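A.B. asks: Let me begin by handing over the structure; questions about it come next.
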Amino acid sequence: MAHAAYVTTDLDADYAHLKTQGIEFLSEPVGTPGKRFGRFVFLKDPDGTYIQLIEAPNEPPPKPCDPAEDPACPVTHLTRPHHISVNVRDFVGAREHFRLLGFSESEPLPSVSTLAEAKAMGFNRPLQIIGEDIRVPAEAVESGPAVAIRLQQWLDPHDDAPAYPLPITHVGIQRLVMNSDAGDNTMAAKVEMLRSQGMRLVSPGAPCCTGNDSPGGLFLWEGPGGIFLETGGAIAPP
């Protein structure tokens, strides 16, 4: 998993403010709203994980508040997560994997970038990819807009290095966690479904998160390209 992206209603203001806080950016904001990848900028967090800010000027701004009265009052214009970027070796196979999980909606990504867009991602020449932003249907989301997975296979430049192996203690984005309560919501049913599709599970699952008497549990499996995904479900009574 390459980076996480968030929506902002005022990219220039957030860029200027975060620069004063010592945040490291890869470039100045680039792009055009509604074109190609939109208008965006990349920054690095203290551990070197890449974060993308994407401008959506027509989105409702954050609820105003007074920092003097509310210590948690936001000082940026970020409103919500936009996507998690997942790099894969086989786009077609990876797309089918996530389709099985309910990601039935998709929006194709531009296959070729401009030079300015590429430089904003740390490259010195235009990049080429096969990719889509994929989502579960809006009616399946409990609250707020669906967060996309930006699924992409890099054609040029290309790096075939494997994803992080287990255990998931490395710095950076370690796994994707998905909530699911459709159909048979037991953990056993979900484990059996994934096994029937040839998924490699990390374990059969375990009670979580109040000890062995927990009413629910969780499990991890290996997704496309070696990333790890997690979900859970109810533990059926014996």
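A.B. asks: Once you have a ≥ b ≥ c as the square roots of the Cα gyration tensor eigenvalues for region 111-237, tell me rounded if a/c is under 1.5, and otherwise prolate or oblate according to whether a/b is larger than b/c.
C.D. replies: Because a/c hits 1.5 or more and a/b exceeds b/c, region 111-237 counts as prolate.
A.B. asks: Can you compute the charge dipole magnitude of the chain about its Cα centre, using +1 on each Lys and Arg Cβ and -1 on each Asp and Glu Cβ, nothing else charged? Give it in debye, rounded to the nearest 20.
C.D. replies: Here the size comes out at about 580 debye.
A.B. asks: At a 1.4 Å probe radius, which order do Glu28, Glu139 fall into by accessible area, largest first?
C.D. replies: Glu139, Glu28
A.B. asks: Using only protein heavy atoms and a 1.4 Å probe, report how much of Met193 is accessible, in Å² to the nearest 10.
C.D. replies: Surface open to solvent at Met193 totals about 80 Å².
A.B. asks: Using only helices, what value at 222 nm comes out for the chain when you add -39,500 (n - 2.57) per DSSP H run of length 4 or more and divide by the total residues, to the nearest 500 deg cm²/dmol?
C.D. replies: One gets -4500 deg cm²/dmol as the mean residue ellipticity at 222 nm.
A.B. asks: Okay, next question. Which sequence of Glu59, Glu192, Glu105 reflects their accessible areas, 1.4 Å probe, from the largest down?
C.D. replies: Glu192, Glu105, Glu59
A.B. asks: Expected output is a single nm value to one decimal: the length gained when fully extending between Gln174 and Glu142, i.e. 0.36 nm times separation in residues minus the C-alpha distance. What is it?
C.D. replies: Separation in residues times 0.36 nm, less the Cα-Cα distance, equals 9.1 nm.
A.B. asks: Can you give the net charge of the other residues whose Cβ lies under 15 Å from the Cβ of Ala138, counting K and R as +1 and D and E as -1?
C.D. replies: After counting each charged neighbour, the total is -3.
A.B. asks: So, for region 45-181, what is the accessible surface per residue at a probe of 1.4 Å, expressed in square angstrom?
C.D. replies: Per-residue accessible area for region 45-181 comes out at 59 Å².
A.B. asks: Counting alpha carbon pairs within less than 8 Å and at least 6 residues apart, what relative contact order, in whole percent, applies to the chain?
C.D. replies: Relative contact order comes out at 17 percent.
A.B. asks: Skipping prolines and chain starts, which residues have an amide H placed within reach, meaning under 5 Å, of the one on Phe228, given they are 5 or more residues away or on another chain?
C.D. replies: Leu176, Gly223
A.B. asks: Further, regarding this structure: Check the straight Cα-Cα distances from Lys19 and name the aspartates and glutamates below 16 Å, setting aside those fewer than 8 residues away within the same chain.
C.D. replies: Asp10, Glu28, Asp45
A.B. asks: Give me the percent of accessible area attributable to carbon and sulfur for region 115-236, probe 1.4 angstrom.
C.D. replies: Of the solvent-accessible surface of region 115-236, carbon and sulfur hold 55 percent.
A.B. asks: Once the piece of chain linking Ala161 and Val75 is laid out straight, how much longer is it, given 0.36 nm per residue of separation minus the C-alpha distance between them?
C.D. replies: 27.2 nm
A.B. asks: Just to verify a number: what accessible area does Asp66 come out at with the full protein assembly present, 1.4 Å probe, Å² rounded to tens?
C.D. replies: Only protein atoms counted, so the area is about 70 Å².
A.B. asks: If you don't mind, there's one more thing I want to ask. Might you work out the accessible area of Tyr6 for me, using a 1.4 Å probe with all protein chains in place, and round it to the nearest 10 Å²?
C.D. replies: Near enough 80 Å² of accessible area.
A.B. asks: Can you list the HN-Hα couplings for region 148-153, worked out from phi with the Karplus curve (6.51, -1.76, 1.60; θ = phi - 60°), rounded to whole Hz and with x for Gly and Pro?
C.D. replies: Ordered by residue, 3J(HN,Hα) equals 7, 9, 8, 8, 8, 10 Hz.
A.B. asks: For helix 187-196, report the angle its Cα long axis makes with the longest principal axis of the Cα atoms of the chain; keep it between 0 and 90° and round to the nearest 10°.
C.D. replies: 80 degrees
A.B. asks: Ok, one more. On a 1.4 Å probe surface of the protein chains, which of His17, His158 comes out largest in accessible area, and what is the full order?
C.D. replies: His158, His17
A.B. asks: Counting DSSP beta bridges with both partners in region 1-64, what percentage is antiparallel, nearest 5?
C.D. replies: Taking every DSSP beta bridge with both residues in region 1-64, the antiparallel ones total about 60 percent.
A.B. asks: Could you give me the ³J(HN,Hα) list for region 204-213, computed from phi with Karplus coefficients 6.51, -1.76, 1.60 and θ = phi - 60°, whole Hz, x at Gly and Pro?
C.D. replies: So the J values, rounded to whole Hz, are x, x, 8, x, 7, 9, 10, x, 5, 8.
A.B. asks: Nearest 10 degrees, 0 to 90: what angle lies between the long axis of helix 91-100 and the longest principal axis of the chain (Cα atoms)?
C.D. replies: Between the helix axis and the principal axis of the chain, the angle is about 60 degrees.
The values are calculated or read from the model by the stated rules, or taken from the named source; none is laboratory data. On a predicted model such as this, the values are computed, not experimentally measured, just so you know. Quick reminder, even Gly has a Cβ in these numbers, built from the backbone with ideal geometry, and neighbours come from all protein chains shown. Ligands, DNA and RNA are excluded from the accessible area calculation, which covers all protein heavy atoms including side chains. Shrake-Rupley method; radii C 1.70, N 1.55, O 1.52, S 1.80 Å.
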